[in-house]
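Peer 1: Dropping a structure here in structure tokens format, bear with me for questions.
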Amino acid sequence: MNTVIVGQGAIGLLCYHRLSQLKKHNKANGLISLLPSTKTSLTQYSFSEINGEAKNFPLTLANNQTLTCAQLIVVCVKSYQVADALKAIHHLIADDAIIIVTHNGLGTLEEISYLFKPSQCLFALLLTQGAKKTADYHIEHTGEGESNLGIIWGEPVAEKKRHLLELMTQSLQPVNFQENIKQAQWEKIAINCVINPLSALENIDNGKINQRIYQDTVRDIIKEVVNVGAREGVELAENVLLSLVTKVAERTKKNISSMRADIMNKRRTEIDYINGYIHRLGEKHQLATPMNTKLWLAVKVLEKQYLPQ
Ligand code: PAF
């Protein structure tokens, strides 16, 4: 599959690296190119494996021609950048292309679905791989884990779906195909609703979320997510989500969450698509979401201190 990776952040370069290395071993995999958000004249990037082995690799940049020929577009930008990134290129995307989004949070589909033709289809890839950008075009692969892939819009032919899953599994292994990706997206947003704002506001590593002092807040966040999810037709169990949050916080105990990293680096966070999304759905269904609303607003206050108004 000719593939364009959109975004030069940690996840973008990780996907680009794994797919282009796969292509090196199997020429049948088509051309892999990277579409960065800002122009670059670089011809190389540096990739450091989990075992610390670091090397430079050639960089192939995307252009209008590679975009037009792409059968697969993997959009690896933050949730708040997805709509703009796709608006800039959708007129170049082939009628039968597959588009994959990889961001945290929910709410982008509402912003982008009108851009697609009925023959195109949109997948969500929920990655549990860890990657860290240490400088521009320098990334470190920091953690492996299972990823979930599922259709959020459109219906690809079976053969294409099989080929995509094979490609993703070979490059990002292991990737499970989820018939009900919405359920997996809601489980992921529940985890992010807890770990991201609490770690950012308290300035703590993920593991500290499991401390007793946070447990009432964690429960309140989860309860609201379960209630709002039910109104959206997603059945979630409070105890299942609680144990998921505990597990992820433990597994990533020494990690800095993406939201905490955004605040530390004075970048916009994804809060509008995480707790902010739960707040908006609460309003839509006339359900109070006081804890998620409070966390959403508190992170917005932090952002306001450095983001241009
Ligand atoms: O956004 C993040 O940082 C991650 O999704 C997670 C799972 C909270 C781990 O840090």
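Since every read-out is calculated from the coordinates, none of them should be taken as a lab result. In this text the structure is predicted, and so the values were computed from the model without any measurement. Neighbour counts are summed over all protein chains in view; Cβ atoms, including those assigned to glycine, are modelled from backbone coordinates with ideal geometry.
Peer 1: Based only on other Cβ atoms within 10 Å, what is the fewest-to-most ordering of Y277, Y114? List each step's numbers first, then the result.
Peer 2: On the way: Y277 25, Y114 7.
Least crowded to most crowded, the residues run Y114, Y277.
Peer 1: Multiply the residue separation of A135 and N64 by 0.36 nm, subtract the distance between their alpha-carbon atoms, and state the gained length in nm to one decimal.
Peer 2: Computed gain between A135 and N64 is 22.9 nm.
Peer 1: Could you give the nm distance between label points at K300 and S243, where each point is 7 Å from its Cα heading toward the beta carbon?
Peer 2: Between K300 and S243, the label points sit 3.6 nm apart.
Peer 1: Moving on. Toward the positive end of the charge dipole of the chain, about the Cα centre and with charges on Cβ (Lys, Arg +1; Asp, Glu -1), which of A135, L242, N206 goes farthest?
Peer 2: A135
Peer 1: Full extension from D96 to K24: what is 0.36 nm times the residue separation minus their Cα-Cα distance, to one decimal in nm?
Peer 2: Gain on stretching D96 to K24: 23.4 nm.
Peer 1: Over the Cα atoms of the stretch 2-52, what is the Rg over Rh ratio if Rh follows Kirkwood?
Peer 2: 0.97
Peer 1: Here's a follow-up. Considering the Cα trace of the stretch 57-128, what is its radius of gyration and what is Dmax, both in angstroms?
Peer 2: 12.2, 37
Peer 1: Let a ≥ b ≥ c be the square roots of the eigenvalues of the Cα gyration tensor of the stretch 244-309; is it rounded (a/c under 1.5), or, if not, prolate (a/b larger than b/c) or oblate?
Peer 2: It comes out oblate by the Cα gyration axes.
Peer 1: Once a ≥ b ≥ c are taken as the square roots of the eigenvalues of the Cα gyration tensor of the stretch 5-87, is the result rounded (a/c under 1.5), prolate (a/b larger than b/c) or oblate (a/b not larger than b/c)?
Peer 2: Cα axes put the stretch 5-87 in the oblate bin.
Peer 1: For the stretch 3-179, build the charge dipole from Cβ charges (+1 Lys, Arg; -1 Asp, Glu) around the Cα centre, then report which of L59, L13, Q81 sits farthest towards its positive end.
Peer 2: L59
Peer 1: Further, regarding this structure: With only alpha-carbon atoms counted, please give the Rg and Dmax of the stretch 3-179, in Å.
Peer 2: Calculated on Cα positions, Rg and Dmax stand at 15.1, 44 Å.
Peer 1: At 7 Å along the Cα-to-beta-carbon direction for both L201 and A88, put a label point, then send me their distance in nm to one decimal.
Peer 2: Going from the L201 label point to the A88 one covers 3.3 nm.
Peer 1: Find the percent of Cα-Cα distances in the stretch 182-302 that exceed 16 Å, and round it to a whole number. Write out the running numbers ahead of the final one.
Peer 2: On the way: 4053 of 7260 pairs.
Within the stretch 182-302, distances greater than 16 Å cover 56 percent of Cα pairs.
Peer 1: So how strong a dipole does the chain carry about its Cα centre when Lys and Arg Cβ are +1 and Asp and Glu Cβ are -1, to the nearest 20 debye? Provide the component values of the computation, followed by the final result.
Peer 2: Values: 34 positive and 30 negative charges, 122 e Å.
Roughly 580 debye for the chain.
Peer 1: Of V226, P197, H285, whose Cα points farthest to the positive end of the dipole of the stretch 182-302 (charges on the beta-carbon: +1 Lys, Arg; -1 Asp, Glu; origin at the Cα centre)?
Peer 2: P197
Peer 1: If you don't mind, another one. Per DSSP helix of 4 or more residues, -39500 (n - 2.57); summed, then divided by the residues of the chain. What does that give at 222 nm, rounded to the nearest 500? The partial results should precede the final answer.
Peer 2: Details: 11 runs with 137 residues, N = 309.
Here the helix-only value at 222 nm equals -14000 deg cm²/dmol.
Peer 1: Another question about this same structure. Report Rg/Rh for the chain, rounded to two decimals, where Rg is the Cα radius of gyration and Rh the Kirkwood radius.
Peer 2: Numbers: Rg = 19.1 Å, Rh = 20.0 Å.
Taking Rh as the inverse mean 1/r over Cα pairs, Rg/Rh reads 0.95.
Peer 1: Continuing with this model, one more query. Where nothing but the Cβ of Lys and Arg (+1) and of Asp and Glu (-1) is charged, how large is the charge dipole of the stretch 177-271 around its Cα centre, in debye to the nearest 20?
Peer 2: 420
Peer 1: How large is the charge dipole for the stretch 220-259, taken about the Cα centre, if only the Cβ atoms of Lys, Arg (+1) and Asp, Glu (-1) carry charge, to the nearest 20 debye? Don't skip to the end; give the middle numbers.
Peer 2: Values: 6 positive and 6 negative charges, 64 e Å.
Taking the Cα centre of the stretch 220-259 as origin, the dipole is about 300 debye.
Peer 1: Per-residue counts of other Cβ atoms within 10 Å, averaged by peptide: what ranking do you get for 64-77, 233-246, highest first? Intermediate values should be presented prior to the final figure.
Peer 2: Numbers: 64-77: 20.6, 233-246: 14.9.
Packing order, densest peptide first, comes out as 64-77, 233-246.
Peer 1: Give me the mean projected area, in nm² to one decimal, of the convex hull enclosing the Cα positions of the stretch 121-243.
Peer 2: If you wrap the Cα atoms of the stretch 121-243 in a convex hull and average its projections, you get 9.5 nm².
Peer 1: Right, here's the next one. Quick one: length gained pulling Q286 to S119 fully straight, 0.36 nm per residue minus the C-alpha distance?
Peer 2: On the way: separation 167, 0.36 × 167 = 60.12 nm, distance 3.59 nm.
Between Q286 and S119, full extension yields 56.5 nm more.
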